[in-house]
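Since the structure comes first, as structure tokens, the remarks are kept for the end.
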Amino acid sequence: MDIVLIGRIAESAALATVQEKKEELAGAYPSSYLVNGVSALEVEFAGEEILMEALKACVYMNVLSECSLADALWRTGEELGKGLRVNRDAVPTAQFAIEMAEADGRDPMKSDSTGCVICVTDRGMKLCDDLREKGVTCAVIGYLTDDNDRCLVSGEVKSFLTGHD
């Protein structure tokens, strides 16, 4: 079964970082970069129409609320009694959100990703194609496994989720 992510991670955290560290960030980045970066964030919940379309295709759905993608993936594995492999490089992430996470000393995978949705489906590519036609950011980021390991893979590097991310 495919794991699909709807939305881009770490955007709620990026917005909070800009609000909390305005002065510090203003010394490190041009103000136009910060303004443009914030205005490009997609910090919002998927609309009801999108959620209903995704729900039709999914055997499991997790709408992230005040948690990171790493935490939500762990919870997904726990609730389904499965392991998972996630291609970290496939996870939709805005460059601005990456930079704000780094400015705050956090990994984007472990940053608040409120508004994103995890879907588990046997038709991941079809679901993504349908959602992209509606202008929705999404990607197949991995798949479920029969073991209990919950792995993030980036190239040759494999790391394990611990449930305390």
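Against the longest alpha carbon principal axis of the chain, how many degrees, from 0 to 90 and to the nearest 10, is the axis of helix 11-20 turned? So the helix axis and the longest Cα principal axis differ by about 20 degrees. For residue 157 and residue 80, a Förster radius of 25 Å and the Cβ-Cβ distance give a FRET efficiency of 0.50, rounded to the nearest 0.05. For residue 145, the residues whose amide H sits under 5 Å from its own are 83, 84, 85, ignoring neighbours fewer than 5 places away on the same chain, with H placed 1.01 Å from N. Here the peptides 85-91, 102-108 are ranked by packing, the mean other Cβ count within 10 Å, and the order with the highest first is 85-91, 102-108.
Compute log10 of I(q)/I(0) for the stretch 99-165 with the Debye formula, placing one identical point scatterer on every Cα and leaving out solvent, at q = 0.17 Å⁻¹, to two decimals. With no solvent term, the Cα-only Debye profile gives -0.89. Size of the chain from its Cα atoms: along the principal axes, largest to smallest, the extents are 49, 34, 26 Å. Once each part is reduced to its C-alpha centroid, what is the distance from the stretch 4-75 to the stretch 94-146 in angstrom? One Cα centre to the other: 9 Å. With the highest mean first, a sort of the peptides 30-39, 109-118 on other beta-carbon atoms found within 10 angstrom per residue produces 109-118, 30-39.
Only lysine pairs 8 or more places apart or on separate chains count here, and in the stretch 2-160 those with Cα atoms under 22 Å apart total 9.
Read-outs: derived from the displayed coordinates by stated rules, not from any lab. Every value quoted in this text rests on a predicted model; they were computed, and no experiment measured them. As a convention, Cβ positions derive from the backbone with ideal geometry for all residues, glycine included, and neighbour counts pool all protein chains shown.
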